[in-house]
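For reference, the structure discussed in these notes is given below.
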Amino acid sequence: MKKVSLLILLITQLNFSQGYTEYATGNAMDFVVSPDAGICLMGGASESDEAMVWFLNKANGGDVVVLRASGSDGYNNYFYSELGVAINSVTTFVIDNQEGATSAYVLDKVEKAEAIWFAGGDQFDYITYFKDNALEDALNEFINVKGGVIGGTSAGMAILGSGYFSAENGTVTNAQALSNPYHNRLTLGYNDFLEIPYLENLITDSHYDDPDRRARHSTFLARYAADNSSRAFGIACNEYTAVCVDSNGRAYVFGDYPNYEEHAFFIQSNCAADFLPENCTDGNALTWSRNNEALKVYKVPGKTTGENYFDLSDWQTGSGGEWQNWYINNGVFSTNVTVNPNCNTLLDIPENDITLVTVFPNPFTDEITITSDAMQSFKMFDVTGKHIAMTSYTNRINTAALAAGIYFLRIESTSGNLETFKLIKR
């Protein structure tokens with residue numbers, strides 16, 4: 001008995017000293033294959049099998065890595081043998097600290113993976129262990145260079161937007177958030193962790209079966225807009241609902257509607273000129289009304305077929321959903337039904353006479369080249385319509401500093417006409 005106890009103690013000490021525990025299922029040899037890019041956001045309860053099949057198919061038979069800070073091997077057999085998708089292996093790492101997250105072995109497995117999944121738990125553990133170190137670099141390389149598929153549920157979903165609720169001081173209720181958007185529990189991070197195409201200027205939330213989460217999430221977006229002077233975006237899921245985003249930005253919603261009220265919510269601050277909150281200050285109740293149209297929301301029922309969708313490349317086009325207004329007056333959250341906000345005014349492509357323009361490459365990385373016999377000037381916009389100042393050398397634009405995502409390049413001709421090109425940064 002003493003020998004068994006000693007063995008357990010030694011194993012525990014070994015796992016702690018290396019900073020992680022590994023659970024491996026399948027082939028130990030790496031299977032080299034090109035994955036398909038994609039994002040899977042899960043609402044926080046049991047997984048949607050249909051969405052998980054979508055996720056695994058993006059791995060093209062390769063290797064899956066599960067990253068978590070608590071729990072054990074619950075995903076291994078589920079991914080490897082229960083969904084009918086042939087994959088080479090599933091490796092789960094339960095990470096205990098930054099040392100575990102940045103171990104050469106873990107980084108090698110992440111680099112060689114075709115699919116990466118973040119489990120639930122406490123998102124502040126993920127922020128603490130995975131951010132500002134070699135694992136953050138490896139994850140962004142995986143997403144934007146290798147083009148692998150990535151996803152997560154609950155806390156694992158919470159860290160995937162460019163903005164995120166860190167939960168550093170624990171969770172925050174809707175009442176706390178509405179009464180003071182700078183409550184000490186409302187801790188947010190902005191644009192300093194994962195760089196995922198289509199999730200720029202965006203905060204995710206899950207467990208939306210609790211209707212109060214809408215008010216809390218809206219406060220997150222009010223903070224993002226106020227702190228960054230930028231339109232804010234959000235994606236949220238009911239607990240049994242999933243959103244799967246393909247490489248073109250089309251977000252398919254999976255669930256078991258109409259048997260259950262399973263929906264996803266695509267939220268954006270209104271594209272009106274005055275979109276910022278009227279009162280988003282420390283110690284005061286939040287007001288973000290803008291004539292009861294502060295936030296435009298497309299609510300989409302999830303079906304087992306995933307046939308309903310919303311297009312993140314324009315934040316206007318969708319199928320199967322309904323548009324709503326969300327707004328907050330002096331700490332009171334309200335909703336009503338509305339219509340498509342028609343936010344394309346800035347980026348509409350007018351008739352033009354620029355007939356000999358070429359912009360390449362697309363997708364691009366560190367540079368764009370423009371060939372034209374009539375270009376006078378150009379402007380670059382991100383997907384929210386924000387103008388981005390760029391450095392150019394004759395007909396070349398330096399894009400090395402841009403984050404991965406969708407951009408619009410508007411070119412003006414010498415005669416004053418315009419042409420707009422939609423481009424993707426990898």
Condition first: at pLDDT below 95, closer than 26 Å to residue 144 by Cα and not acidic (Asp, Glu). Can you find one or more residues in the range 64-74 that meet it?
no
Whether any residue in the range 358-378 is modelled with pLDDT under 80 and under 22 Å from residue 315 (Cβ atoms) is what I want to check.
no
Members of the range 108-124 that are farther than 24 Å from residue 51 by Cα and surrounded by fewer than 18 Cβ atoms within 10 Å (Cβ to Cβ):
108
With respect to residue 177, determine if the residue is without any contact (Cβ under 8 Å) to a residue 60 or more places away in the chain, in contact with a Ser or Thr (Cβ under 9 Å, 6 or more places away or on another chain) and either in the same structural domain as residue 66 (by TED's automatic domain parsing) or part of a loop (DSSP other than H, G, I, E, B) (or both).
no
Restricting attention to the range 223-230, does a residue exist that is surrounded by fewer than 24 Cβ atoms within 10 Å (Cβ to Cβ), touching a strand residue (DSSP E or B) at 6+ places or on another chain (Cβ under 7 Å), modelled with pLDDT under 95 and assigned to a loop (DSSP other than H, G, I, E, B)?
no
With the structure loaded, tell me whether residue 232 is in contact (Cβ under 8 Å) with a residue 60 or more places away in the chain and in contact with a helix residue (DSSP H, G or I) (Cβ under 6 Å, 6 or more places away or on another chain) or whether it fails that test.
yes
Name every residue in the range 179-229 that is among the hydroxyl-bearing types (Ser, Thr, Tyr), closer than 28 Å to residue 423 by Cα and touching a helix residue (DSSP H, G or I) at 6+ places or on another chain (Cβ under 9 Å), in order of residue number.
190, 204
Residue check for residue 81: without any contact (Cβ under 8 Å) to a residue 60 or more places away in the chain and either in contact with a Cys (Cβ under 8 Å, 6 or more places away or on another chain) or hydroxyl-bearing (Ser, Thr, Tyr) (or both)
yes
From the list 275, 265, which residue is surrounded by fewer than 24 Cβ atoms within 10 Å (Cβ to Cβ), assigned by TED's automatic domain parsing to the domain that holds residue 172, closer than 25 Å to residue 179 by Cβ and of a type in the set (Phe, Trp, Tyr)?
275
If I go through the range 56-90 residue by residue, how many of them are crowded, with 24+ Cβ neighbours inside 10 Å and under 20 Å from residue 130 (Cβ atoms)?
7
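The values are calculated or read from the model by the stated rules, or taken from the named source; none is laboratory data. Since the model is a prediction, treat every value here as computed from it, not as a measurement. When we count neighbours, we look across all protein chains shown, and the Cβ atoms used for this are built from the backbone with ideal geometry, even at glycine.
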